[in-house]
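Notes to accompany the following structure.
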Amino acid sequence: MKIAFISPEVYPFAKTGGLADVSYAIPVALAGRGHDVVIILPLYKSVNKERYDLKFKYWDLSVPFNKENNNAPVYETLHLPGIKTWFIESEYFQGSNGQNRDAYTLYSDDPVCFAFFSKAVIELLIKSEFKPDIIHCNDWHTGLVPVYKKIYYQNNDSLRETVTVMTVHNAGYQGIFPKEFLQSIDFNRNIFNADGIECNNKINFLKGGVLYSDIVTTVSKKYSLEIQKEEFGHNLAGIFRGIRDRLYGIPNAIDKEHWNPSIDNYLEENYSAYNITGKSKCKRKLQRHFEISENIDVPIIGSISRLTYQKGIDVLAETLDYLFQDDDFQFILIGSGDYGLFKQYERLKKIYPDRVGIFFGYNEELAHTIYAGIDLFIMPSRYEPCGLGQMYSLCYGAIPVVRATGGLDDIIEDWDPYSKRGNGFKFKRLTIDDIYSTLRKALRIFHKRSEWNSIQRNAMSFNYTWDEAIVNYEEVYRKALSGISIKK
Ligand code: ADP
C-alpha cells in the first residue's frame, strides 16, 4: 500500500513526547513490511536541516488558503530507512509560540497554523508523484485534512481512491477555537453545526477529523471504550459512540532498537533480563548525576513525564510528602511543561536534598539514564490513552506503578505473589491513599529479593513490538479501502 503519514511531530526531527516516537515507529514498521511510505510534518524552526540533510523537493508549492495563494517550499530527507520525509515550510510555523510547548499544546492558541498545514498536505500530495491509498492523520493538528479533502478535493482525480484514517492519540486535546476564525481557515457556516466541526459553539479540529475520516483508531483497546464515556471523551463522547462501528483500539508498542538496555548507548553499562548486574552501575551513575546519596540498596522511584494535569503528578507530589516521612527511598523526576507543577517537587528537593533529584526540561539521554537507574516507575495518570513510559520502564526492569486507566490498565498486570504473575503494581483511584499504599507495597517487595527478581523477569520479558502492532494497522487500512462508507 501507499501511505502518507501526517503528524505534528516525528522522532528524531521534532519530539516533545510520545506522539513523536509513535510517528517514527509506525512508518518505519510499515516500510519494513514493504509498504511505500511518505511522512509529512511542518518545518519548525527547531528542525536541524543540516543534520538530517534536508534537500529542496519543491520550491513552488502553492496553497490556496485564507484568500491568498501561499507559497510553501517543501524539503525532503531520506534519513529514516526506506521512507521519504517531507517538511512543509511556511511563515505560519516560524512563530516563537512553539517554544516550551509540547505537541498537544503547540500552536493551540492559533488555529491558522495547523489548518494551513492540513490544506498544504493535500496540495502537496496532489502535486507530488506519490498518490497515496491511505492518508493517515494523527491528532487534532491534522484533523482538518479529512475535512478539507472531503469539502474541497472530493472530485480531484489524484485523490479519488484515497481514504483517510484518523488516529486519536489523546482526546484531551482537540484544537478548540472561537468560531470567528471560520473564514480565516476557509470554512463557512455550512460546516459549523452538530454534524460538522462545531462543538459547544466553537470550532473543533479533532471532531472534524473523527467525523470526516473513513476509519478512526485510538491507541489502546481500553481507551477506545473509555472515550465513549463522558469522563474520558472530553465533550466528544457522543461523537465517539456515534462512530463506534468504525473505531478501533490498536495499542502502541516498543521500538526495541531505541529502547533496549542490552544495546542502549546512553547507559553506563548494558544489561538484560539474563544478566542484570549492569543495572546497579546505572543506578549509581544516576545517583551521582543527581547528587543524591549513593546507595544501591535504597529503592529509587522515578517519573519521566510531561508536566500536565493529565499525568496526576500533582497528587503524586502530595503523596510523596507523607511517604518520605514513613519510608526509605529516593525520588527522581524529569519533566517539561507546567512549571507550577514542577514547583511542588522543588519544595520536596529543598526538604530532602539527599533523596530527591529533579530536572525541569526535555532531555532524551537523561530519560534513558533514568529508566535504567530507577527501580520503580510511577505513572499516576488521570487518563492515559496508551502510554509509552510504562512500556519503556518494563524493558529497563524499572517496575511500573500505575493507575489502572487506558493503556496502563491494558499493559500492566498487578503482581500476584502466589501465582508469581504480574509485571507491576496498579491502583484504581487517583488519591493520596491509593498511591501511598501501592507505593508502600512495592517498596516492601523491593527488599524481598527473590520476589523482586520474579517481577523484574516478568517485566523485562515484555516484548510487544511494532512488527506485531502494525499488522492491526494494515487490517484497518484494508477495511478503509474496502469501501466502508464514510458517515458524512
Ligand atoms: P505522552 O505522549 O502523553 O507525553 P507517553 O508516556 O506516551 O506520554 O510518552 C512520553 C514519552 O516522552 C516517553 O518517550 C518519555 O520517555 C518521553 N518524555 C516525557 N517527558 C520527557 C522529558 N522531560 N525528557 C525526555 N523524555 C521525556
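If the requirement is being of a type in the set (Val, Ile, Thr), in contact (Cβ under 8 Å) with a residue 12 or more places away in the chain and near the ligand (Cβ under 9 Å from one of its atoms), which of these qualifies: Ile304, Ile358?
Step by step, each of Ile304, Ile358 is checked, and only Ile304 is of a type in the set (Val, Ile, Thr), in contact (Cβ under 8 Å) with a residue 12 or more places away in the chain and near the ligand (Cβ under 9 Å from one of its atoms).
Within segment 164-177, is even one residue under 20 Å from Glu9 (Cα atoms), among the small types (Gly, Ala, Ser) and surrounded by fewer than 22 Cβ atoms within 10 Å (Cβ to Cβ)?
yes
If you take the residues of segment 174-185 that are of a type outside the set (A, V, I, L, M) and assigned to a loop (DSSP other than H, G, I, E, B), which of them is nearest to the chain's Cα centre (by Cα)?
Step by step, filter segment 174-185, then rank; the result is Gln174.
If a residue counts only when it is at pLDDT below 95 and either of a type in the set (Phe, Trp, Tyr) or surrounded by fewer than 23 Cβ atoms within 10 Å (Cβ to Cβ) (or both), which helices (runs of 4 or more DSSP H) contained entirely in segment 190-238 have at least 1 such residues?
Output list reads 221-226, 230-233.
Return yes when Asp416 is of a type in the set (Asp, Glu) and either touching a Pro at 6+ places or on another chain (Cβ under 9 Å) or exposed (fewer than 13 other Cβ atoms within 10 Å of the Cβ) (or both) and no when it is not.
yes
Residues Lys441, Lys426: which one is within 30 Å of Thr277 (Cα to Cα), in a strand (DSSP E or B), without any contact (Cβ under 8 Å) to a residue 40 or more places away in the chain and not small (Gly, Ala, Ser)? Reasoning before the result, please.
Values: Lys441 fails: in a strand (DSSP E or B).
Going through Lys441, Lys426 in turn, the sole match is Lys426.
Within segment 144-173, track down each residue that is part of a strand (DSSP E or B) and over 27 Å from Glu231 (Cβ atoms).
Residues satisfying the conditions are Val163, Thr164.
Taking the conditions exactly as written (at pLDDT 95 or above, within 13 Å of the ligand (Cβ to nearest atom) and on the phi > 0 side of the Ramachandran plot), does Gly337 satisfy them or not?
On the way: at pLDDT 95 or above: no; within 13 Å of the ligand (Cβ to nearest atom): yes; on the phi > 0 side of the Ramachandran plot: yes.
Considered against the rule, which asks whether it is at pLDDT 95 or above, within 13 Å of the ligand (Cβ to nearest atom) and on the phi > 0 side of the Ramachandran plot, Gly337 comes out as no.
Every residue in segment 293-307 that is surrounded by fewer than 20 Cβ atoms within 10 Å (Cβ to Cβ) and within 19 Å of the chain's Cα centre (by Cα), please.
Passing the criteria: none in range.
So for segment 282-292 (the condition being at pLDDT 95 or above, polar (S, T, N, Q), surrounded by 15 or more Cβ atoms within 10 Å (Cβ to Cβ) and touching a Ser or Thr at 6+ places or on another chain (Cβ under 8 Å)), does at least one residue qualify? Steps first, answer last, please.
Initially, segment 282-292 is screened for residues at pLDDT 95 or above, giving 282-292.
If we keep only those that are polar (S, T, N, Q) too, we end up with 287.
Subset that is surrounded by 15 or more Cβ atoms within 10 Å (Cβ to Cβ): 287.
Next, only the ones that are touching a Ser or Thr at 6+ places or on another chain (Cβ under 8 Å) stay: 287.
Within segment 282-292, one or more residues are at pLDDT 95 or above, polar (S, T, N, Q), surrounded by 15 or more Cβ atoms within 10 Å (Cβ to Cβ) and touching a Ser or Thr at 6+ places or on another chain (Cβ under 8 Å).
The values are calculated or read from the model by the stated rules, or taken from the named source; none is laboratory data. In this text, all values refer to a predicted model and were calculated from it rather than measured experimentally. Because the Cβ atoms are built from the backbone with ideal geometry, glycine has one as well, and the counts that use them run over all protein chains shown.
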